1. Is it the case that residue 240 is loosely packed, with under 14 Cβ neighbours inside 10 Å and closer than 24 Å to residue 137 by Cβ?
2. Select from the range 121-130 the residues that are within 16 Å of the ligand (Cβ to nearest atom) and hydroxyl-bearing (Ser, Thr, Tyr) and write down the one among them that is surrounded by the most Cβ atoms within 10 Å (Cβ to Cβ).
3. With respect to the numbered conditions (1) farther than 22 Å from residue 157 by Cβ; (2) free of Cβ contacts under 8 Å to residues at least 40 places away in the same chain, which one is the sole condition not fulfilled by residue 216?
4. Quickly run through the range 131-145 and pick out the residues that are surrounded by 15 or more Cβ atoms within 10 Å (Cβ to Cβ), in contact with an Asp or Glu (Cβ under 7 Å, 6 or more places away or on another chain) and not in a helix (DSSP H, G or I).
5. Within the bounds of the range 131-146, is there any residue that is out of contact with any strand residue (DSSP E or B) (no Cβ under 7 Å at 6 or more places or on another chain), modelled with pLDDT of 95 or more, charged (D, E, K, R) and within 16 Å of the ligand (Cβ to nearest atom)?
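The values are calculated or read from the model by the stated rules, or taken from the named source; none is laboratory data. All values derive from a computational prediction rather than experimental measurement. Glycine also receives a Cβ, built like all others from the backbone with ideal geometry; neighbour counts cover every protein chain displayed.
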Amino acid sequence: MIGKLFIVATPIGNLNDITYRAIETLKNVDIVLAEDTRHSKKLFAHFEISTPLKAFHEHNEREKTESIISELNSGISLALISDAGTPLISDPGYFLVSQAKKEGIEVVPIPGPSAIITALSASGLASNSFSFFGFLPSKKIARIKYLQNKIALNETIIFYESPKRILTTLTDMLEVFGNERKVCLAKELTKSFETIRTDIIENVIEYLAADLAHQKGEFVILISSADKIDLVDAQNQLGKILPILCAEMGASKAAKLAAKITGIDKKHCYNKAIEL
Ligand code: SAM
């Protein structure tokens, strides 16, 4: 008998969010592959799970996959968990799952929490169509470029962000998307300091800047869908009027007028004006 590979979601904060099926699976498999075994030991102690844990993380995924596949082929059943939420979602496991499927091994998902879906469900932003892009590039220039490529997406866009960069990333988002878009900041989901704010980007930045404690914790950022036609039109309009305005007046005044005409954020117009 070939063993099965179970992909088990675990809580993203509140331990009560674990499912009965997840506990049962983690108790019944032979080995649990965990991103950080010390972290998972706490979860196991809480739910009295005594299954042996083996380290499986982004640095050893490739090197471990072959021996894991051999174990599965020899009849051992395995579960994969990550530190929080659903494995493979900005977490290790893709290589292992793809190889296991190639070998004809049964991969069984045990669904549960994931920060993306949790945030989307309470954001108040359109949930019929959305894209998730994981973590943004950490370098500013790359991040701005990456965001610019998302500007015309006509669906809710979702990112993960670290507390270190939350304020600068939102500032970049204001520059790229302008202040017309709604943003949802979903912080510390399912935990004591859970905060879900859906507002224009400027107000969310104000909230973050008001208190350093507001910048601590784990974050999901969601941005409302572009009205594709309008936004592209507005950008085209900006491209046409800004050089004309700049020829007649200073960059600051030109940006202010251009923002009024196009509905695009003043800072973004100013940055474009000084590039001319
Ligand atoms: N696999 C996880 C999932 O299914 O959501 C995500 C893992 S990823 C390495 C960790 C990131 O997810 C965090 O930096 C944060 O952006 C987001 N995240 C995880 N837990 C969260 C929570 N409780 N509240 C808000 N964001 C969270």
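1. Details: loosely packed, with under 14 Cβ neighbours inside 10 Å: yes; closer than 24 Å to residue 137 by Cβ: no.
In short, no.
2. Per the stated criteria, the residue is 123.
3. Single failed check for residue 216: (2).
4. Initial filter on the range 131-145 (surrounded by 15 or more Cβ atoms within 10 Å (Cβ to Cβ)): 132-133, 136, 143-144.
Cutting the leftovers down to in contact with an Asp or Glu (Cβ under 7 Å, 6 or more places away or on another chain) gives us 136, 143-144.
The one that is surrounded by 15 or more Cβ atoms within 10 Å (Cβ to Cβ), in contact with an Asp or Glu (Cβ under 7 Å, 6 or more places away or on another chain) and not in a helix (DSSP H, G or I): 136.
5. Yes.
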